[in-house]
Amino acid sequence: MKDVKDDSMYLNIIAKLTNANKDYSTYTIQPQYGKGTYIIVKIIPGFSLAFNNFSMNENMLNIIDRYQHFSEPILKINYCLKGKMIAFDKKGKICASGKGSTAYYEGIENICKFSHFDEYESISLFGYTNQITNIFQQVFHIDKSILRDFCNQINEEDNYTVIKNDLTTIGLLNDIKDNFSNGDIDSLRIRALELFMYELKNFKTNKERKELYYSRTVVEKVEKIEKYISENLDEKLTIDYLCNEFNISLDTLKRCFKQVYSTSIYAYIKKSRLEKGKELLVSSEKSITEIALNCGYNNHHSFSKAFKDHYKITPRETRKVYVIGG
């Protein structure tokens with residue numbers, strides 16, 4: 001039986017196998033790409049569950065020919081537990097999935113660009129579509145038409161289908177995590193099958209909670225804006241300036257930025273400036289006034305007030321704690 005792992009850029013390039021037993025295999029992210037693990041649990045032949053917990057150093061591009069398409073159609077359901085993921089395939093379909101949402105995919109197009117923000121954690125159900133269809137018919141007597149209809153509904157959308165999780169889904173995911181923590185793989189398998197059956201039965205209704213998100217062009221423009229912000233924190237950044245500079249409407253920028261980065265653009269700029277200020281306080285001998293200007297503040301008073309409001313400690317006290325106190 002073919003194994004989806006053979007088609008995975010994640011498991012063949014980004015990570016390497018570091019541990020394996022009869023129930024699951026652990027893959028560790030290679031240092032040049034980031035840190036963390038993928039743990040693949042065998043549920044039934046042709047159908048697996050993965051625990052994904054990692055952080056990446058930067059955006060990843062899939063430019064390796066053998067990993068740009070799956071060898072046959074794959075069905076994957078990815079439940080995001082922490083962080084956020086943005087991905088595109090070569091046809092321009094976009095997937096934007098954050099904590100508390102589930103992304104669905106069926107087809108042969110592999111991801112060509114993907115970004116993970118903060119520490120990313122998810123649980124995935126996956127396998128080749130035909131293998132899943134056959135095994136569920138043979139073992140559980142699930143008619144093939146039910147699986148075909150499920151895949152057709154997934155592919156009705158212009159982009160990846162992303163749905164907010166309901167209480168039933170959250171409960172099953174928590175059970176799966178607890179089962180693994182307790183070493184109860186048999187119960188984990190039962191819960192994974194129950195979760196998949198729930199998807200088959202309720203997907204049409206659950207689609208009413210689907211997330212709506214922006215086109216690839218808009219998302220990439222917002223990513224460029226985020227990079228510009230990060231590289232120009234000393235400038236007097238305004239939202240109007242960014243809108244004019246990148247030819248994007250105010251409403252689109254605000255909404256799409258929050259969708260991609262899970263925070264408002266205003267909060268992101270402020271947080272980034274204060275983080276840079278804290279780093280300079282600890283790692284440089286610049287005066288607080290110089291640091292304030294380097295972080296886009298008009299003077300040390302406004303910087304100090306914002307810093308204390310955020311960190312509950314003044315810049316001067318921070319420097320004493322980290323530099324003098326060690």
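The values are calculated or read from the model by the stated rules, or taken from the named source; none is laboratory data. The structure displayed is predicted, hence computed values, not measured ones. Reconstructed Cβ throughout: ideal geometry from the backbone, glycine too, with neighbour counts over all protein chains shown. The accessibility values were calculated without ligands, DNA or RNA, using every heavy atom of the protein model including side chains. Shrake-Rupley method; radii C 1.70, N 1.55, O 1.52, S 1.80 Å.
Couple of notes before you dig in:
- Taken together, the criteria place residue 255 among residues that are part of a helix (DSSP H, G or I), under 24 Å from residue 85 (Cα atoms) and open to solvent by 60 Å² or more (accessible area, probe 1.4 Å).
- Filtered residue count, the stretch 1-15, keeping only those that are open to solvent by 20 Å² or more (accessible area, probe 1.4 Å) and over 20 Å from the mean Cα position of the chain (by Cα): 4
- Cβ-Cβ distances below 9 Å connect the following pairs, each with a first residue in the stretch 4-18 that is farther than 15 Å from residue 34 by Cα, a second residue that is among the polar types (S, T, N, Q) and part of a loop (DSSP other than H, G, I, E, B), and a separation of six or more residues or different chains: 7/110; 8/110.
- Extreme residue, least open to solvent (accessible area, probe 1.4 Å), among residues of the stretch 238-252 that are free of Cβ contacts under 8 Å to residues at least 12 places away in the same chain and part of a helix (DSSP H, G or I): 243
- Out of 200, 233, one residue alone is aliphatic (A, V, I, L, M), touching a residue at least 40 places away in the same chain (Cβ under 8 Å) and surrounded by fewer than 16 Cβ atoms within 10 Å (Cβ to Cβ). It is 200.
- Any chance residue 129 is in contact with a Lys or Arg (Cβ under 8 Å, 6 or more places away or on another chain), crowded, with 21+ Cβ neighbours inside 10 Å and more than 24 Å from residue 166 (Cα to Cα): no
- Residue pairs meeting the criteria (Cβ under 8 Å; at least 6 apart or on separate chains; first more than 14 Å from residue 51 (Cβ to Cβ), in the stretch 169-192; second part of a helix (DSSP H, G or I) and among the aliphatic types (A, V, I, L, M)): 169/195; 172/195
- Among the residues making up the stretch 68-111, those that are farther than 19 Å from residue 13 by Cα and aromatic (Phe, Trp, Tyr) are 79, 104, 105.
- Any hit, the stretch 149-164, residues being more than 27 Å from residue 215 (Cβ to Cβ), of a type outside the set (Phe, Trp, Tyr) and touching a residue at least 60 places away in the same chain (Cβ under 8 Å): no
- Any hit, the stretch 273-294, residues being within 30 Å of residue 95 (Cα to Cα), open to solvent by less than 90 Å² (accessible area, probe 1.4 Å), without any contact (Cβ under 8 Å) to a residue 12 or more places away in the chain and not aliphatic (A, V, I, L, M): yes
- Residue within the stretch 92-101 that is over 19 Å from the mean Cα position of the chain (by Cα), within 25 Å of residue 172 (Cβ to Cβ), touching a residue at least 12 places away in the same chain (Cβ under 8 Å) and outside any strand (DSSP E or B) present: no
- Across the stretch 40-65, the number of residues qualifying as more than 24 Å from residue 118 (Cα to Cα), open to solvent by less than 40 Å² (accessible area, probe 1.4 Å) and part of a loop (DSSP other than H, G, I, E, B) comes to 1.
- Residues of the stretch 197-211 satisfying the condition of being under 17 Å from residue 100 (Cβ atoms), touching a strand residue (DSSP E or B) at 6+ places or on another chain (Cβ under 9 Å) and of a type outside the set (Asp, Glu): 206, 207, 209, 210
- Within the stretch 198-239, being in contact with a Phe, Trp or Tyr (Cβ under 8 Å, 6 or more places away or on another chain), at pLDDT 90 or above and aliphatic (A, V, I, L, M) holds for 200, 222, 225, 229, 239.
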